[in-house]
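Working notes for the structure below.
The values are calculated or read from the model by the stated rules, or taken from the named source; none is laboratory data. Model, not experiment: these values are computed from the prediction. Please note: Cβ atoms are built from the backbone with ideal geometry, for glycine as well, and neighbour counts cover all protein chains shown. Accessible surface is based on the protein model in full, side chains and every heavy atom, while ligands, DNA and RNA are left aside. Shrake-Rupley method; radii C 1.70, N 1.55, O 1.52, S 1.80 Å.
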Amino acid sequence: MPNYMLLLYADEPTDEAEIARRDADLPEWKKVIDEFAASGALVGNGRLRPSETATTVQVRDLATELTDGPFAVTKEILGGYFILDLEDLDAATAAAAKLPIARFGTVEVRPLMSEEEMLRYRTEGAAAEA
């Protein structure tokens, strides 16, 4: 079965009331994670530290540039991820809808390339450019 990455985006909470509201969702998060694990779909997941801890790396003209903070031009920031092994996109979007963050943020669902697909993509891409 293919792997799907669910990227979790939301505004960072700025006040205690919003932090408390989101903390109230923690039992639901645990339930969903346990469900994914029990079904064998959970490959990995993680929560990211706040965006101010991010460092953005870019290499331009062989010079490495480091910038504090995320590379984003949006209020919503990437806060976490899941990698799930699921049957198809329908199963992946259904899984994304179960996540509490979907009620106030955004869950982006993206299929991951298998190693075979990456090799084929590189080979076909190189052939197309020749």
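Rounded, prolate or oblate: which one fits the chain, using the alpha carbon gyration tensor with axes a ≥ b ≥ c (rounded when a/c is under 1.5, else prolate when a/b beats b/c, else oblate)?
oblate
With a 1.4 Å probe and all protein chains kept in place, how much accessible area does Thr56 have, in Å² rounded to the nearest 10?
Solvent-accessible area, nearest 10 Å²: 20 Å².
Starting from the amide H of Ala54, placed 1.01 Å from N in the peptide plane, find each other amide H under 5 Å away whose residue is 5 or more places distant or on another chain.
Gly69
Please arrange Phe104, Phe82 by accessible surface area, largest first, computed with a 1.4 Å probe and ligands excluded.
Phe104, Phe82
Mind ranking Ser51, Ser114, Ser39 by accessible surface for me, highest first, 1.4 Å probe? Please report the intermediate quantities before stating the final value.
Working: Ser51 20, Ser114 50, Ser39 85 Å².
Sorted by accessible area, descending: Ser39, Ser114, Ser51.
Relative contact order for the chain: what percent, with Cα pairs under 8 Å and sequence separation of 6 or more?
44
Step through the residues of the stretch 101-112 one at a time and calculate ³J(HN,Hα) from phi using the Karplus curve (6.51 cos²θ - 1.76 cosθ + 1.60, θ = phi - 60°), rounding each to whole Hz and writing x for Gly and Pro.
Rounded to whole hertz, the list is 5, 5, 6, 9, x, 9, 10, 8, 10, 9, x, 8.
Give, rounded to the nearest 20 debye, the magnitude of the charge dipole that the chain has about its Cα centre when Lys and Arg contribute +1 at Cβ and Asp and Glu contribute -1 at Cβ.
Result for the chain is approximately 140 debye, rounded to the nearest 20.
Compute the Cα gyration tensor for the stretch 6-53, then decide on rounded, prolate or oblate, letting a ≥ b ≥ c be the square roots of its eigenvalues: rounded whenever a/c is under 1.5, prolate when a/b is larger than b/c in the other cases, and oblate in all that remain.
Oblate, because a/c is 1.5 or more while a/b does not exceed b/c.
So for the chain, taking the charge dipole from beta-carbon charges (+1 Lys/Arg, -1 Asp/Glu), which of Pro111, Thr56, Ala37 sits furthest toward the positive end?
Ala37
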